[in-house]
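The block underneath contains the structure these notes are about, expressed in structure tokens.
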Amino acid sequence: QVQLVESGGGLVQPGGSLRLSCAASGSRFRMYMGWYRQAPGKERELVASITGDDITNYADSVKGRFTISRDNGENTVKMEMNSLKPEDTAVYYCYARFLYEYWGQGTQVTVSS
């Protein structure tokens, strides 16, 4: 059974930076992984993703500010978030897929002065 463990998040001022990490345990295969977010009253949306071949994809709203990459392992990803804006405030969920889909428990990111 694949489990996702997230870390990072928190409160930061506008223009600041945060790092999110997600480790997927229990899979022998390189997984497609990514981060989604959901703000109050809005639908969950894809923020960034990375394929098994390390091809990345970003939402237009975060291009040039967020960077997703694999970190210290096949199924560990980090997302560096720079120049954060209040509209980036949301619960961020790690996502992984290999035949089946898996979700993390979510971590709160709040951008506020």
Original post:
So is MET79 touching a strand residue (DSSP E or B) at 6+ places or on another chain (Cβ under 8 Å), buried (at least 17 other Cβ atoms within 10 Å of the Cβ) and modelled with pLDDT under 95 or not?
Top reply: no
Subject >> Total residues in the stretch 18-37, condition out of contact with any Ser or Thr (no Cβ under 8 Å at 6 or more places or on another chain) and farther than 11 Å from TYR92 by Cα >> reply: 9
**OP:** Pull up the stretch 50-76, narrow it to residues that are open to solvent by 50 Å² or more (accessible area, probe 1.4 Å) and under 16 Å from GLY8 (Cβ atoms), then point me to the one that is modelled with the highest pLDDT.
**Re:** THR67
**OP:** Collect the residues in the stretch 20-59 that are among the hydroxyl-bearing types (Ser, Thr, Tyr) and in contact with a Phe, Trp or Tyr (Cβ under 8 Å, 6 or more places away or on another chain), keeping them in residue-number order.
**Re:** SER27, TYR32, TYR36, SER49, THR51, TYR58
Subject >> the stretch 43-79, residues that are in contact (Cβ under 8 Å) with a residue 24 or more places away in the chain and over 22 Å from VAL2 (Cα atoms) >> reply: SER61, VAL62
**OP:** Go through the stretch 1-22 and count every residue that is over 17 Å from GLU101 (Cβ atoms) and assigned to a strand (DSSP E or B).
**Re:** 9
Original post:
In the stretch 90-110, how many are touching a residue at least 12 places away in the same chain (Cβ under 8 Å) and more than 17 Å from SER21 (Cα to Cα)?
Top reply: 2
Original post:
If you go through the stretch 1-49, how many residues are open to solvent by 60 Å² or more (accessible area, probe 1.4 Å) and of a type outside the set (S, T, N, Q)?
Top reply: 14
Original post:
Quick one: ALA24 ticks every box in (1) in contact (Cβ under 8 Å) with a residue 24 or more places away in the chain; (2) of a type outside the set (Val, Ile, Thr); (3) within 19 Å of THR110 (Cβ to Cβ) bar one, so which box is it?
Top reply: (3)
**OP:** For SER113, work out the one condition from (1) open to solvent by 30 Å² or more (accessible area, probe 1.4 Å); (2) touching a residue at least 60 places away in the same chain (Cβ under 8 Å); (3) outside any loop (DSSP other than H, G, I, E, B) it doesn't fulfil.
**Re:** (3)
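The values are calculated or read from the model by the stated rules, or taken from the named source; none is laboratory data. Model, not experiment: these values are computed from the prediction. In this analysis, Cβ positions are derived from the backbone assuming ideal geometry, glycine residues included, and neighbour counts consider all displayed protein chains. For the accessible areas, the whole protein counts, side chains as well, though only heavy atoms, and no ligand, DNA or RNA atoms are used. Shrake-Rupley method; radii C 1.70, N 1.55, O 1.52, S 1.80 Å.
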